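The values are calculated or read from the model by the stated rules, or taken from the named source; none is laboratory data. No experiment lies behind these values; they were computed from the predicted model shown. Because the Cβ atoms are built from the backbone with ideal geometry, glycine has one as well, and the counts that use them run over all protein chains shown.
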Amino acid sequence: MQVSEKINYLLAEQGLTKREFARTLLALEPKLNGTGKPPSKSTIYGYLNGGREIKIKLIPYIAELLSIPEQELFEFGIKYASSYNYQHSKEIREIIDLLQYLPQTKIIELKEQLLRHKTLHAEKLI
């Protein structure tokens, strides 16, 4: 997954359009190193469509706009691997982040419950 794909993924997750993204990004007034000016809307659309490489100077602005840590733009783990995760990714990521606070006995119970749901799901497919 490219950074542009990840941004589009997060836009969909947050219910933002590319137009809203471009407008909000420009409102943050990012300045590009080469020109000292913000990128144009067409340049931003080029970033989102993968036709242009996203300038590193824009990463903090994009992360702020999406309310995520900058590093998340570069994480492409299993969390984003399925259509189910795509539909429920925000909740899944929140659960994954909270798992560290779950006692070991509850982790075992959770695993058992998830395995039961997996079995039930597999039986429905047969």
Report summary line: By residue number, the members of region 50-76 that are over 13 Å from the mean Cα position of the chain (by Cα) and either among the polar types (S, T, N, Q) or part of a loop (DSSP other than H, G, I, E, B) (or both) are Gly50, Gly51, Arg52, Glu53, Ile54, Lys55
Query raised in the report: In the list Gly34, Gly51, which residue meets the criterion of being surrounded by fewer than 18 Cβ atoms within 10 Å (Cβ to Cβ), modelled with pLDDT under 90 and among the small types (Gly, Ala, Ser)?
Result: Gly34
**Report entry** Scan of region 1-15 for residues that are of a type outside the set (D, E, K, R), more than 17 Å from Pro60 (Cα to Cα) and surrounded by 15 or more Cβ atoms within 10 Å (Cβ to Cβ), ordered by number
**Finding:** Tyr9
Query - Top-ranked residue in region 14-49 [being over 19 Å from the mean Cα position of the chain (by Cα) and of a type in the set (Val, Ile, Thr); ranked as farthest from Glu91 (Cα to Cα)] - result: Thr35
